[in-house]
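Below is one structure; the comments refer to it alone.
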Amino acid sequence: DEEFDELCFEFGLELDEITSEKDIISKEKGEEKAKGASDVVLYKIDVPANRYDLLCLEGLVRGLQVFKERINLPRYEKIIPAEGEGQRLIITEQTAQIRPHAVAAVLRNVAFTKDRYDSFIDLQEKLHQNICRKRALVAIGTHDLDTVSGPFTFTAKAPSEIKFKPLNQSKEYTASQIMDLYRTDSHLRHYLHLIENKPRYPVIYDSNGVVLSMPPIINGDHTKISLNTRNVFIECTGTDITKTKIVLDIIVTMFSEYCEKPFTVEAAEVVYPNGKTHIYPELAYRTEKVKPEYINKKIGISETPSSLAKLLTRMCLKSHVTGNGNHIEVEIPPTRADIIHACDIVEDAAIAYGYNNIQMVIPKTYTIANQLPLNKLAELLRLDLAAAGFTEALTFALCSQEDIADKLGMDISATNAVRIANPKTAEFQVARTTLLPGLLKTIAANRKMPLPLKLFEISDIVVKDPNTDVGARNYRHLCAIYYNKSPGFEIIHGLLDRVMQLLEVPPNEENGYTIKAAEGTAFFPGRCAEVFAKGQSIGKLGVVHPDVITKFELTMPCSALEINIEPFV
């Protein structure tokens, strides 16, 4: 296990955990549910999102074998069948409005076993979630070619006109009934919205009118793949042609190793509505040239061109030195759609060289790091507030609308709060505009503690501001609260004086701070004051209004102070 963990790390992956189905279920649902689950050891491996070629066991093993120099990178070949013998997929113009692109390919004489079959289905699922953006950009359909006869037609029809037996169902349904059938399906219901409200649904037929699939929802049962399937017809339909081609390339390159002639794919011809034809899969190899010194400089190493070429070859990028060692010519295989720029090649060279083997050096910049003044002030104040006997709390920056408006006796529109577009819970609807609710909620959660409770927090609040480029602005606030059998206004007032003393702000009007009687919806009438310093209002202090106290489920009186500390930086 340790060796494998080390190997994954060297290859730029992370072995997340070593577990088993039983462990996973017992963690999530408890010991009871886990009874009878398998004890087989599972490796959970984190793969970077751009490496689609490592999303299945076949690709991962192949990558690691090449990395360990045990095998050479296979050469993927497409075989173009004789005229009139290959499979054709004809796209009609009806698809243009809903899912315009389609590509196809055939894997001949595949030998499936249970594990290979599971891996094949699993890869499709992983691609659907990842590059296919939950099937919105691409949907994959794989079929038993021997159960149907080409040419195939990709078209779009009214839901009532489409009728077939969906995968693993016992009877035929129309497309509209299929939608109703899967509305409660935990897995498929997430994809229904992609075509649900369209006048026509995409559908693929063979020459006898047998439905292969209704992308992106479900395949037909007729063409279902089993362990005995020998010839697989793969179609990918989508709204983004580039991604559709990548997905097809990944599937055929990963599973062509099980064909009778390994790593060969039979091409299929796609006929567009305008009559043009194209052969897929593209399986395009391309070459890029990179200067060795560019690689060395970016990584901070000094390797010879030939050893850099060797490093790249271990990363599935077959490379050799050309032009007296001035260039490295890199061949990018169809499995590596993530290589877009020279820096992607440099990254792979760095992984093969080993991040841990790169010498650490001090950067050639003449700067000394410094704490942000606002953070430094906040840190200093925190220590002194703690010394004054107050306990620091850290509360969530998001809260519910009630917390900052209704419970404090204000209207939500007056708070100028930033709202979250699609909040996951009612507790996190807006960004806080004041720290007071967070501290009141903290007290409510700690009512069993002995009195008095003295809490403070120094954190950011957020308000809308149309003059900033992001439309909102943060302010660093200091909030303190005293909760006891009596309101203790003098304790909070004393804390304000202590803070001002520490900030060296004298208690006078000219260049110091003053407090003046004021009204605040959260405070008791006649027991609220506004704090002025540096010629501006910086906040309020006072006895909290009984209505506010009861709304936060508290029973004792309390007083609070909240000021903005930014003017003192």
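Scanning region 292-326 for residues that are under 12 Å from residue 345 (Cβ atoms) and either over 34 Å from the mean Cα position of the chain (by Cα) or free of Cβ contacts under 8 Å to residues at least 24 places away in the same chain (or both) yields 292, 309, 319.
Per the conditions (1) touching a strand residue (DSSP E or B) at 6+ places or on another chain (Cβ under 6 Å); (2) closer than 29 Å to residue 203 by Cα; (3) assigned to a loop (DSSP other than H, G, I, E, B), the sole criterion not satisfied by residue 104 is (3).
Taking the condition open to solvent by 50 Å² or more (accessible area, probe 1.4 Å), farther than 22 Å from residue 47 by Cα and in the same structural domain as residue 208 (by the TED database), does residue 134 pass? Here the answer is no, as residue 134 does not meet what is asked. Taking the conditions (1) in contact with a strand residue (DSSP E or B) (Cβ under 9 Å, 6 or more places away or on another chain); (2) closer than 21 Å to residue 544 by Cβ; (3) touching a residue at least 60 places away in the same chain (Cβ under 8 Å) in turn, residue 462 satisfies each one other than (2).
Mind checking whether some residue in region 483-491 is in a helix (DSSP H, G or I) and either open to solvent by less than 10 Å² (accessible area, probe 1.4 Å) or not charged (D, E, K, R) (or both)? Yes; the residues of region 483-491 include at least one that is in a helix (DSSP H, G or I) and either open to solvent by less than 10 Å² (accessible area, probe 1.4 Å) or not charged (D, E, K, R) (or both). Condition check for residue 262 on (1) crowded, with 17+ Cβ neighbours inside 10 Å; (2) under 20 Å from residue 55 (Cα atoms); (3) more than 28 Å from the chain's Cα centre (by Cα); (4) not hydrophobic (A, V, I, L, M, F, W, C): one failure, at (1). Taking region 523-544 as the range and being touching a Gly at 6+ places or on another chain (Cβ under 8 Å) and either buried (at least 20 other Cβ atoms within 10 Å of the Cβ) or closer than 24 Å to residue 509 by Cα (or both) as the test, the residues that pass are 523, 527, 528, 529, 530, 531, 533, 540, 542. When residue 477 is tested against (1) part of a helix (DSSP H, G or I); (2) surrounded by 20 or more Cβ atoms within 10 Å (Cβ to Cβ), only condition (1) is not met. For residue 135, state whether it is basic (Lys, Arg), part of a helix (DSSP H, G or I) and in contact (Cβ under 8 Å) with a residue 60 or more places away in the chain. Against the criterion (basic (Lys, Arg), part of a helix (DSSP H, G or I) and in contact (Cβ under 8 Å) with a residue 60 or more places away in the chain), residue 135 does not qualify.
Listed here are the residues, each with its yes/no results for (1) open to solvent by 80 Å² or more (accessible area, probe 1.4 Å); (2) basic (Lys, Arg); (3) not in a loop (DSSP other than H, G, I, E, B).
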{"residue": "149", "(1), (2), (3)": "no, no, no"}
{"residue": "155", "(1), (2), (3)": "no, no, yes"}
{"residue": "170", "(1), (2), (3)": "yes, no, no"}
{"residue": "178", "(1), (2), (3)": "no, no, yes"}
{"residue": "186", "(1), (2), (3)": "yes, no, no"}
{"residue": "189", "(1), (2), (3)": "yes, yes, yes"}
{"residue": "193", "(1), (2), (3)": "yes, no, yes"}
{"residue": "196", "(1), (2), (3)": "no, no, no"}
{"residue": "199", "(1), (2), (3)": "yes, no, no"}
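The values are calculated or read from the model by the stated rules, or taken from the named source; none is laboratory data. Owing to the predicted nature of the structure, the values given are computational and were not obtained by experimental measurement. Here Cβ is always computed from backbone atoms with ideal geometry, including for glycine, and neighbour counts include all displayed protein chains. These area figures cover heavy atoms from the full protein model, side chains too; ligands, DNA and RNA do not enter into them. Shrake-Rupley method; radii C 1.70, N 1.55, O 1.52, S 1.80 Å.
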